[in-house]
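Engineer: Here it is, the structure in full.
The values are calculated or read from the model by the stated rules, or taken from the named source; none is laboratory data. Everything numeric in this text was worked out from a predicted model, so none of it was measured. Cβ atoms come from the backbone with ideal geometry, glycine included; neighbour counts cover every protein chain shown. Only protein heavy atoms, including side chains, enter the accessible area calculation; ligands, DNA and RNA are left aside. Shrake-Rupley method; radii C 1.70, N 1.55, O 1.52, S 1.80 Å.
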Amino acid sequence: MTAAHQGNLWEITTSQQAQSTATTACVKRVSADFIRDHRALDAGVVKAAARLGVALPFGQTGAQLRQTAALKSLAGTPAYDAAWLKAQYPAHVQTLALVDKVIASGTSPLVKSLAKSARPVVARHTQMVNHGVCQA
């Protein structure tokens, strides 16, 4: 749940950043979808964590913060869009693997249910940034 929450925070933050700094319409469209979807996914994680008594961190990991800063340094340039897409793809691939692991071997029915509902969203996002190529 911690990894899902921090991943959602990173997705929301970097996608909000893309809304104001991306140079292509495709990245702006995809990032808008990411904001909407990851807010909804995270609301489920936060609610489940509260129900299960799991304390969630307040922010992103150090690595995520460094990656967010690196992206911000490219703001407003064509390099930003390419870097954003290249960062999003492996993040979503890793999230998909985590979701699949929870579905296959998770012990909490509530967490497994969250993973099952998140899977199609994360799979769609992965396709939208497939190997760093924007596909709105």
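Engineer: At a threshold of 8 angstrom on Cα-Cα distance, excluding pairs fewer than six apart, so keeping six or more, what relative contact order does region 6-136 reach in percent?
Structural biologist: RCO, region 6-136: 32 percent.
Engineer: Over region 10-58, what relative contact order in percent results from Cα pairs under 8 Å that are six or more residues apart?
Structural biologist: 32 percent
Engineer: Follow-up question, since we're still on this one. Only one of the listed values, (i) 10, 26, 20, 13, 10, 8, 7, 4, 1, 0; (ii) 10, 27, 18, 12, 12, 12, 6, 1; (iii) 13, 44, 32, 10, 1, was derived from the coordinates as P(r) over Cα pairs in 10 Å bins from 0, in percent; which label is it?
Structural biologist: Recomputing P(r) over Cα pairs in 10 Å bins from 0, in percent here gives the entry labelled (iii).
Engineer: Next question. Counting heavy atoms of the protein chains only and a 1.4 Å probe, report the per residue accessible area for region 12-101 as a whole number of Å².
Structural biologist: Normalised by residue count, the accessible surface of region 12-101 is 53 Å².
Engineer: Against the longest principal axis of the chain, how steep is helix 25-52, in degrees 0 to 90 to the nearest 10, with axes from Cα atoms?
Structural biologist: So the helix axis and the longest Cα principal axis differ by about 20 degrees.
Engineer: Check the straight Cα-Cα distances from residue 72 and name the aspartates and glutamates below 17 Å, setting aside those fewer than 8 residues away within the same chain.
Structural biologist: Residue 72 reaches 11, 81.
Engineer: Okay, moving on. Keeping all protein chains in place and using 1.4 angstrom, which order do 54, 133, 111 fall into by accessible surface area, from largest down?
Structural biologist: Per-residue accessible area, sorted high to low, gives 133, 54, 111.
Engineer: To continue, here is another question. Count neighbours as other Cβ atoms within 10 Å of each site's Cβ, and list the chymotrypsin sites (Phe, Trp or Tyr not before Pro) in region 56-86 that are DSSP loop with at most 12 such neighbours.
Structural biologist: Those that pass, being in a loop and sparsely packed, are 58.
Engineer: How much of the accessible area of the chain, in percent, comes from carbon and sulfur atoms when a 1.4 Å probe is used?
Structural biologist: 62 percent
Engineer: Using a Cα-Cα cut-off of under 18 Å, which lysines could be cross-linked to residue 101, ignoring same-chain neighbours fewer than 8 residues away?
Structural biologist: List returned: 112, 116.
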